[in-house]
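Pasting a structure here, questions to come.
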Amino acid sequence: MIEAPLPEQNESTSFEAYFRDPEFAPEQPLAWALSQRQALLEALRGLFSGPQALVQLRLWCFMELASQPQARLSRDDVNRLFHAVLPEALDNVLKRLRDLNLLVWDATPQDYHLSPLAQQVHGLLAPLTTPPAAEYDDMAALLAQVAGAQQLGLVSTNQLKHLHAQLARLHDEFSDAIASGSESRLRLAQPRFDRALDLVDRAGQALTALIRAEHEDPRLEREARAIGQEQARLLSMASQFTRALQQADRQRVTLGSTGLTTSDVRAWLQRHPALYELMGEALSVPVRPVMVSQHDLVDVAEGEFERDRPDAQRGAALPPPAEAAMGTLDTLSLPPELGNLISLLDRWSELATEEAAARTEAEANQVDQTDGAPDSPPPVNKPFSKPLGDAILGGRFAQAAYRLQLMPLVGDAQAQTLKGLTGDLARAPWQWQFKPTHIGTTDEAVALISDGEIYPAQFDEHGQVIPLPLDESGPIVLTAAPAQDAPTRRKAPGASKKSNQAQA
C-alpha cells in the first residue's frame with residue numbers, strides 16, 4: 001500500500017475545485033498538458049512521499065535499476081546489485097516500485113523489467129544523477145534540451161518558454177550586479193557571466209537555426225524570436241560588465257609600497273574567521289589619571305556652569321495664534337493677444353456656421369425655383385474665408401508680429417495635446433494659407449503683409465483634417481510702416497533694408 005500523505009487544509013480531490021471558476025483550468029494549455037500525465041504524476045508522488053531518507057533510498061534504487069544494461073533482471077541479480085541494503089528495506093522499495101507500475105514482475109520467466117512509465121520518470125530524474133560541478137547547470141540542461149530537440153525536430157513551446165525565462169533571470173541578476181557598483185559582487189558574478197556567455201555561444205548555432213526555421217505553430221515562432229532578443233541582450237551586456245570591472249579597478253587603492261591593495265585587504269577580512277580577535281589587547285590598557293590643580297578645576301567648572309545655564313525664555317509658552325497677513329501670488333500670464341486671437345477665431349466659427357446654413361437654405365430655394373429648367377447654371381458655392389490680415393493687424397507692430405508668430409500653432413498636431421490657451425489655439429478648427437505676394441495695408445504700424453486666407457478646417461470621412469495644398473513660397477513677411485505711404489502691392493523680394501520685418 002502507498003503511504004497516504006498528511007491531509008492539508010482545504011484539501012480537495014479535484015484540481016478544478018481549487019479555482020474560483022472550475023472551467024478556467026481546462027482552458028489553460030499547461031494545465032491541460034498536466035492533466036494528460038496523471039500516471040506520471042502519481043508515479044512521482046509515490047516516489048517522493050514519506051521521510052527524506054526513505055525517498056533518497058527509493059530514488060537510488062530506481063536510478064540504479066534504470067542504469068543497468070540488462071533488459072531483464074532476476075531476483076538474484078537484484079539481490080547482488082543491492083547486497084548492501086537491508087532485506088526488509090529492499091523489499092519495501094521493490095514493493096513500492098511495483099505498486100507505482102515502475103517495476104514489472106514477470107511470473108513466467110521469474111524476472112523484473114522496467115515499464116515504459118519508468119523510462120519517462122527516468123528521463124525526468126536523469127539530471128539528479130550528475131553532480132553539480134558547474135554553476136548554472138539548469139540553463140545548460142535547458143540549452144541542451146532545446147538544441148537536441150531542434151536537431152530532431154521535436155521542439156516544444158514549453159521548452160522555449162523555460163529557456164526564455166532563465167535567460168531573463170540571468171540578465172536581471174547581472175544587471176543588478178552592474179548597478180550595485182560593488183567590486184565583490186562583480187567578481188563573484190564574473191565566473192557565472194562567463195559561463196553563461198560560453199553556454200549561449202555554444203548553443204548559438206542551434207538557436208539561430210531555430211529562429212530562422214519555419215514553424216507551423218505561431219507560438220513557436222514567437223518564443224523563438226523572444227529567445228533571440230534575450231540572447232542579444234545578454235551578449236550586449238558583456239561591454240557593460242567589462243566597463244564596470246574597469247571602474248572597480250580604477251577605484252582600487254595601493255597601500256604604500258607593500259604592493260597590497262584595498263581589494264586584497266577586503267578579501268582577507270572576508271576570509272578571517274573571527275574579526276573581533278583583530279583588536280587583540282588594544283582595550284586592555286589601564287586608565288591613566290591626569291592630575292589637575294584646584295584653580296584649574298574651579299575655572300573649568302565655572303565655565304561649564306555658565307555655558308550650560310538654561311535660558312530663562314526657554315520655558316515660555318508658545319505665542320498666541322495670529323491670522324496670516326493677506327498677500328498676493330504673482331503668476332506668469334500669457335500676452336492678451338493670444339486670448340484675443342482665440343476669441344476672434346471662435347466668432348468666425350459662428351459666422352461660418354451661420355453662413356453655411358444660409359447658403360444651404362439658398363441653394364435649396366434656388367433648386368426649387370429652377371426645377372424643370374435643365375439649362376440653368378448650378379449655384380456657385382464660395383467657401384467661407386477671411387484675409388490673413390484681419391487676424392494679424394491691429395495695435396502696435398510688436399503685437400501684430402506676435403500674432404503672426406502664433407499662426408503656425410493653428411492646426412499643429414503636437415501642440416493640440418497641450419493644456420491652456422496654447423492648446424486651445426492649436427485645436428481651433430481653422431486652416432490658413434499664404435501666397436508669394438505682399439499687399440499693402442491701411443494699418444498705422446504695418447506697411448506690408450503677406451497675402452493669405454484663413455479657411456475653416458475640412459475633415460475627411462475618418463475625422464482627419466484635409467491639408468491645404470502648399471505653395472512654393474518664402475517665409476511670411478510683416479513689414480513695419482515707414483514714414484511715407486507703402487505701395488499697394490508688389491512681389492515678395494522684400495522691403496527696404498531700413499524697415500523692420502517679422503517672419504514666421
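The values are calculated or read from the model by the stated rules, or taken from the named source; none is laboratory data. All of these numbers come straight from a predicted model, not from anything done at the bench. Heads up, the Cβs are rebuilt from the backbone with ideal geometry, glycines too, and the neighbour counts pull from every protein chain shown. Calculation scope for accessible area: heavy atoms of the full protein, side chains included, ligands and nucleic acids excluded. Shrake-Rupley method; radii C 1.70, N 1.55, O 1.52, S 1.80 Å.
Scan the range 433-445 residue by residue and report those that are open to solvent by less than 60 Å² (accessible area, probe 1.4 Å) and either out of contact with any Ser or Thr (no Cβ under 7 Å at 6 or more places or on another chain) or outside any strand (DSSP E or B) (or both).
Gln433, Thr437, Ile439, Thr441, Asp443, Ala445
Let me ask something else. State the number of residues belonging to the range 95-106 that are out of contact with any Phe, Trp or Tyr (no Cβ under 8 Å at 6 or more places or on another chain) and either in contact (Cβ under 8 Å) with a residue 24 or more places away in the chain or under 16 Å from His122 (Cβ atoms) (or both).
Of the residues in that region, 4 qualify.
While we're looking at this one, here's another question. Just the residues that are more than 22 Å from Thr108 (Cβ to Cβ) and open to solvent by 70 Å² or more (accessible area, probe 1.4 Å), please, taken from the range 54-79.
Matches in the range 54-79: Gln56, Trp60, Ser67, Pro69.
Which residue pairs have Cβ atoms closer than 7 Å, lie 6 or more positions apart in sequence or on different chains, and pair a first residue in the range 355-367 that is more than 15 Å from Ser385 (Cα to Cα) with a second residue that is surrounded by 11 or more Cβ atoms within 10 Å (Cβ to Cβ)?
Filtered contacts from the range 355-367: Glu363/Pro379; Gln366/Pro379.
Among the candidates Leu332, Leu351, Leu393, Leu344, single out the residue that is farther than 20 Å from Gly411 by Cα and at pLDDT 85 or above.
Leu393
If you take the residues in the range 102-126 that are open to solvent by less than 50 Å² (accessible area, probe 1.4 Å) and in a loop (DSSP other than H, G, I, E, B), which one is farthest from Glu42 (Cα to Cα)?
My answer is Ser115.
Same structure again: So, of the residues in the range 170-186 that are at pLDDT below 80 and part of a helix (DSSP H, G or I), which turns out to be surrounded by the fewest Cβ atoms within 10 Å (Cβ to Cβ)?
Only one residue tops the list, namely Ser184.
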